[in-house]
1. Here are the criteria: (1) surrounded by fewer than 23 Cβ atoms within 10 Å (Cβ to Cβ); (2) more than 14 Å from chain B (Cβ to nearest Cβ); (3) aliphatic (A, V, I, L, M). Tell me which single one A:Val270 does not satisfy.
2. Going through the range A:39-78 one residue at a time, which ones are within 11 Å of chain B (Cβ to nearest Cβ), more than 24 Å from the chain's Cα centre (by Cα) and acidic (Asp, Glu)?
3. Condition (residue is within 16 Å of ligand 2 (Cβ to nearest atom), free of Cβ contacts under 8 Å to residues at least 60 places away in the same chain and surrounded by 21 or more Cβ atoms within 10 Å (Cβ to Cβ)) applied to the range A:61-72: is it met by at least one residue?
4. Filter the range A:289-319 down to residues that are in a loop (DSSP other than H, G, I, E, B) and either within 8 Å of chain B (Cβ to nearest Cβ) or out of contact with any helix residue (DSSP H, G or I) (no Cβ under 9 Å at 6 or more places or on another chain) (or both), then give me how many there are.
5. Pick out the one residue from A:Gln110, A:Gln130 that is within 14 Å of another protein chain (Cβ to nearest Cβ) and either out of contact with any Gly (no Cβ under 6 Å at 6 or more places or on another chain) or not charged (D, E, K, R) (or both).
6. With the checklist (1) at pLDDT 95 or above; (2) touching a helix residue (DSSP H, G or I) at 6+ places or on another chain (Cβ under 6 Å); (3) under 20 Å from B:Gly116 (Cα atoms); (4) more than 9 Å from every other protein chain (Cβ to nearest Cβ) in hand, flag the one item B:Arg263 doesn't pass.
7. Select from the range B:139-176 the residues that are within 12 Å of ligand 1 (Cβ to nearest atom) and over 16 Å from B:Asn192 (Cβ atoms) and write down the one among them that is farthest from the other protein chains (Cβ to nearest Cβ).
8. I'd like to know if the range B:203-215 contains one or more residues that are surrounded by fewer than 19 Cβ atoms within 10 Å (Cβ to Cβ), in a loop (DSSP other than H, G, I, E, B), more than 16 Å from ligand 2 (Cβ to nearest atom) and within 14 Å of chain A (Cβ to nearest Cβ).
Amino acid sequence: MALQELTYRDALRKALADAMTENPDVVILGEEVGRYGGAYGVTKDLIKEFGAERVIDTPISEPAIVGAAVGAAMTGLRPVAELMYVDFIGMTMDQLANQAAKIRYMFGGQIGVPMVLRTQGGTGRSAGAQHSQSLEAYVMHTPGLRLAMPATVADAYHLLRMALTKPDPVVFIEHKALYTMKESVDLDAEPLDWGKAAVRREGRDLVIVTYSRQLHYCLEAARTLSARGIEATVIDIRTLNPLDFDTIRAHVERTGRAMVVSEGVMTAGVAAELSARITEECFDFLEDPVVRVAGEDIPISVSTALEAGSVPGPQLIADTALRMLAGRVPA
Amino acid sequence: MYEADLRATAGQTMAGRVGAGANTRLPELYRTMRRIRTFEERVGELFVRGQSAGSMLHLSIGEESAAAGVCAHLRDGDSFTTHHRGHGIFLARGADPARMMAEIGGKEAGYCHGKGGSMHIADMGLGHLGANAIVGGGIPAVVGAGLSARHHKTGAVSVAFFGDGATGQGILYESMNMAALWGLPCVFVCINNQYGMGTNIAQATANPNLHERAAAFGLAAETVDGLDVEAVAEAAERLVEGARAGKPAFLAVSCYRFYGHARKDKSPYRDPVEEEAGRRQDPVAFARAALIDRGLESESELDRLDTEIGSEMDATIDFTVAQTEPPLASMFRDVYAPEEPEPEPVRARIDRVLARD
Ligand SMILES: Cc1ncc(C[n+]2csc(CCOP(=O)(O)OP(=O)(O)O)c2C)c(N)n1
Ligand SMILES: [Mg+2]
């Protein structure tokens, strides 16, 4: 019942530590997760607390890391595999999409694969084309995989704890620009349910649907808009699968306008899916087309200027909303 | 373990070595290694001055002999790929250090116009098929280049440079197997600096005799001590020429990563005693001492050379700082071929949606 200042990184680490304390079958495996403490420090010192048999440093062998987690999950362990960057997910796609995602179904429901694949993505570090992508659409496009992407410190903790209770494989994608974000949180407070979207702000004029780091850009844009007399509702979907469309629908029906914001590339991305769904299911309530504000359909450059220009920011979000509502608010 | 792997040669020189003096390429190898060392030191400076694009800069200090020794036996028309620690290899193949530094600074004047950066420098003109930020990602391309060379009868070889960490990747073994099966002109050079980030090679494999794996696939395979650039060059000559004749090869160069993995890593996972011993395995200092010892160069001549190289590399920083960022619109360029339409900017798409009445 106590408020504490935690970073997103601390919260993730605490979720892992608490889960490992509660359940002796939880093991972590990945590159540099043990002695090094994780490339982004999330697993720092867990090896001291839980030992090298539960916090397992692996060779640089992504397909086998994920595949070993699949087998471990099928035989009584609760593995948390770590991919240092989501950009490496392609290397593991067979183990993830053909094995983890399909085992329950192909084998007629005999067994599930209760594993968590933790990784991180996104821009913000001049890490270049192969270390800056937002590849959640690959996962969302694969039936059988669950997908969580925390935007806040409290969610970093709770979504990871909940992911570790789920019967099916969960891909858990953190954002590299959020690790040092601090919040005052009460981790004993009742969390939102798994699969439930969080309405981070309510306003009458439009709904902005988003997740991960873009939540913070959307909230910043919403403050700018508020100063201009436009009130936005901001929905953080938190889990992309399962997707809480009921919450989105209720707010779109109320406001009649929707914008979808994602860092991933625009074409055939998560924003495309959300936009299609809102258009199909809320058509009669929409005053305007659903607008996507998403990443450019290009790779990410190492140049800081090009990198920042490749993904949405608060200004583009606010400008777009202003234009959607042009004529409806005092200039 | 590292200790057992390297001959304890710190402070020794190669005086009395067979063939010393006549026809030696040591002065040239030294110059190449010194240029690499100094360039990497300047990369560190660029970062400290806040002028680099990010901090994911991997210095090859301590492993200069692999770049210099192997590249000494490459010719025009040969090709190669590198890993993320590839500045030195590219310099040894004739790169312009100013354009490299500008790329590391994310500037328009860089080799890849600020799109690639330190981990993605490439220059097709010099046969550099690309540096890679995916561990092992550049390895199979040399198999393809080997097929090309065979098809076009060019006599070219293609060399994959990668770290010990990449020996954990299955794609290395798939690639070596194909190269051996088809007798392709490919060379696989593993720069074994003992570490993949914080993981010592002994913590990543039960059998650190890496060349044995390549031998099992049917490649000519050797391990050489990277302290001695001449030994590296000799092994490379044998293996590269063998590959040209259709016997693909693997060469592991044992060395030590002098500094952290990237610029922000202080290597807290390494024992300071080990680090000190590792840094004494200095191929640049070793070659310098050998040059003097054998009377090939005087100390003052080498001092002059080092100073000259220092000025050359200082200029790369001045050049980089003076360069401009790539223009924003350039981000849509080169996703596809120049004659193809560029991807439409998100803003333009939004404009069209909102223009509707
Ligand atoms: C596929 C993949 N996995 C992990 C990483 C993260 N990573 C970057 S460098 C590195 C260590 C590589 O070690 P090694 O191959 O020995 O090269 P070195 O850094 O020692 O030159 C790791 C794990 C990556 N870039 N790509
Ligand atoms: Mg290494």
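1. (1) is the only condition that A:Val270 fails.
2. The answer is A:Asp57, and nothing else.
3. First, pick out the residues of the range A:61-72 that are within 16 Å of ligand 2 (Cβ to nearest atom): A:61.
Among the residues that remain, those that are also free of Cβ contacts under 8 Å to residues at least 60 places away in the same chain are: A:61.
Remaining after also requiring surrounded by 21 or more Cβ atoms within 10 Å (Cβ to Cβ): A:61.
For the range A:61-72, residues within 16 Å of ligand 2 (Cβ to nearest atom), free of Cβ contacts under 8 Å to residues at least 60 places away in the same chain and surrounded by 21 or more Cβ atoms within 10 Å (Cβ to Cβ): present.
4. Taking the range A:289-319 first, the residues in a loop (DSSP other than H, G, I, E, B) are A:289-290, A:296-303, A:310-313.
With the extra rule that they be either within 8 Å of chain B (Cβ to nearest Cβ) or out of contact with any helix residue (DSSP H, G or I) (no Cβ under 9 Å at 6 or more places or on another chain) (or both), the set shrinks to A:289, A:296-299, A:301-303, A:310, A:312.
Result for the range A:289-319: 10.
5. Working: A:Gln110 fails: within 14 Å of another protein chain (Cβ to nearest Cβ).
Testing whether each residue is within 14 Å of another protein chain (Cβ to nearest Cβ) and either out of contact with any Gly (no Cβ under 6 Å at 6 or more places or on another chain) or not charged (D, E, K, R) (or both) leaves just A:Gln130.
6. Among (1) at pLDDT 95 or above; (2) touching a helix residue (DSSP H, G or I) at 6+ places or on another chain (Cβ under 6 Å); (3) under 20 Å from B:Gly116 (Cα atoms); (4) more than 9 Å from every other protein chain (Cβ to nearest Cβ), the lone unmet condition for B:Arg263 is (1).
7. Among those that are within 12 Å of ligand 1 (Cβ to nearest atom) and over 16 Å from B:Asn192 (Cβ atoms), it is B:Ile171.
8. The answer is yes, given that some residue of the range B:203-215 is surrounded by fewer than 19 Cβ atoms within 10 Å (Cβ to Cβ), in a loop (DSSP other than H, G, I, E, B), more than 16 Å from ligand 2 (Cβ to nearest atom) and within 14 Å of chain A (Cβ to nearest Cβ).
The values are calculated or read from the model by the stated rules, or taken from the named source; none is laboratory data. Note that this is a predicted model, so its numbers are computed, not measured. Reconstructed Cβ throughout: ideal geometry from the backbone, glycine too, with neighbour counts over all protein chains shown.
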